[in-house]
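**Q** Let me give you the structure first, and then I'll get to my questions.
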Amino acid sequence: SAVISQKPSRDICQRGTSLTIQCQVDSQVTMMFWYRQQPGQSLTLIATANQGSEATYESGFVIDKFPISRPNLTFSTLTVSNMSPEDSSIYLCSVDSWVAEAFFGQGTRLTVV
Amino acid sequence: DAKTTQPPSMDCAEGRAANLPCNHSTISGNEYVYWYRQIHSQGPQYIIHGLKNNETNEMASLIITEDRKSSTLILPHATLRDTAVYYCIVRAPGGSYIPTFGRGTSLIVHP
């Protein structure tokens, strides 16, 4: 199984600022995924991050708002840019292991004030 | 499109079995059924998966109907710590898979 460390675990940010969330995996993985979970809702996929290429964004999410880096096979970052209160959510990173189980970080609880 | 439907909520008495149903009537022949749960404010946790045979591990049992159009996750002796949202997902093996989550079932285990 993969162990995923996600930082920060929570943050309170001012509107208009940006926050970068880090996701570190203890093994090399091809694909990493970023999800958003708004209060009381299920998980929504933001984008898929492959090493060495640009991230693939889902409908409703754009690179300018959620830039993603994937510098190597064990690390990725998601930035939430120009934040507004509507961005208050839990953000989760995930990887799909070779045994076909998806593993998730513990999430970053973001509150924008 | 999560391809699965689950009841939005259920409750269960502590110590009793919790049986969580999932409908996946459009499941393809090579798709597995996966179950995850999410305890409040934590990342989803893998529970179990199966193709057509019933499966059991240290956390739960998975019963899949013969036509594979539905399944039931069984927590044999539910505890208060099993209170969580449970997600049922179908996926094909291998390759790159992107978990798509529906609304899940909110299970409340009460004393």
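The values are calculated or read from the model by the stated rules, or taken from the named source; none is laboratory data. No experiment lies behind these values; they were computed from the predicted model shown. Backbone-built Cβ (ideal geometry, glycine too); neighbour counts: all protein chains shown. Heads up: the accessible areas ignore ligands, DNA and RNA and are worked out on the full protein's heavy atoms, side chains in. Shrake-Rupley method; radii C 1.70, N 1.55, O 1.52, S 1.80 Å.
**Q** Dimensions of region B:8-111 along principal axes (Cα, Å, largest first)?
**A** 40, 29, 24
**Q** Pick out which of B:Gly29, B:Gly50, B:Gly15 has the largest mean-square fluctuation in a Gaussian network model of chain B, springs linking Cα atoms closer than 10 Å.
**A** Residue with maximal mean-square fluctuation among B:Gly29, B:Gly50, B:Gly15: B:Gly29.
**Q** Would you please give the FRET efficiency between B:Leu80 and B:Thr5, computed as 1/(1 + (r/R0)^6) with r the Cβ-Cβ distance and R0 = 25 Å, to the nearest 0.05?
**A** Numbers: r = 27 Å, r/R0 = 1.08.
Efficiency, from the Cβ-Cβ distance: 0.40.
**Q** Sorted from largest down, what three extents in whole angstroms do the Cα atoms of the protein assembly as shown have along their principal axes?
**A** 50, 39, 30
**Q** Within 10 Å of each Cβ of B:32-44, how many other protein chain Cβ atoms are there on average? Before the final figure, lay out the partial values.
**A** Numbers: counts 1, 0, 3, 0, 4, 0, 7, 0, 0, 7, 6, 14, 10.
Mean partner shielding for this stretch: 4.
**Q** Right, next: Treat region A:59-113 as a sphere of radius equal to its Kirkwood radius over Cα pairs and apply Stokes-Einstein at 25 °C in a medium of 0.890 mPa s; give the translational diffusion coefficient in µm²/s, rounded to a whole number. Show your work: numbers first, answer last.
**A** Numbers: Rh = 12.9 Å.
Translational diffusion coefficient: 190 µm²/s.
**Q** Here's something else I'd like to know. Roughly what % antiparallel, to the nearest 5, for the DSSP beta bridges in chain A?
**A** Numbers: 33 of 37 bridges.
Beta bridges within chain A, antiparallel portion: roughly 90 percent.
**Q** Accessible surface of B:Asp11 in the full protein assembly, 1.4 angstrom probe, to the nearest 10 Å²?
**A** Rounded to the nearest 10, the figure is 100 Å².
**Q** Next up: Report the residue, chosen from A:Ser27, A:Ser18, A:Ser53, that carries the largest GNM mean-square fluctuation when chain A is represented by alpha-carbon nodes joined by springs under 10 Å.
**A** Sorting by GNM fluctuation, first place goes to A:Ser53.
**Q** Continuing with this model, one more query. Using a Gaussian network for chain A with springs between C-alpha atoms less than 10 Å apart, which of these wobbles most: A:Ile63, A:Ile12, A:Ile46?
**A** Between A:Ile63, A:Ile12, A:Ile46, it is A:Ile12 that shows the largest mean-square fluctuation.
**Q** While we're on this one: Determine the dipole magnitude for chain A: charges of +1 sit on the beta-carbon of Lys and Arg, -1 on that of Asp and Glu, nothing else is charged, the reference point is the Cα centre, and the result goes in debye to the nearest 20.
**A** Numbers: 7 positive and 9 negative charges, 57 e Å.
So the magnitude is around 280 debye.
**Q** In whole Å, what is the distance between the alpha-carbon centres of region B:31-54 and region A:62-113?
**A** 21
**Q** Per residue of A:40-50, what is the mean number of Cβ atoms on other protein chains within 10 angstrom of that residue's Cβ?
**A** Details: counts 1, 2, 9, 11, 2, 4, 0, 0, 2, 0, 1.
Across A:40-50, the average partner-chain Cβ count within 10 Å equals 3.
**Q** How large is log10 I(q)/I(0) at q = 0.10, 0.15 Å⁻¹ when the Debye formula is applied to the Cα atoms of chain A, each weighted equally and without solvent?
**A** Each listed q maps to, in turn, -0.25, -0.58.
**Q** Please compute how much accessible surface disappears when A pairs with B, both sides summed, using a 1.4 Å probe, and round it to the nearest 100 Å². It would help to have the intermediate numbers written out before the result.
**A** Values: alone 6230 and 6400 Å², together 11010 Å².
For A against B, buried area totals roughly 1600 Å².
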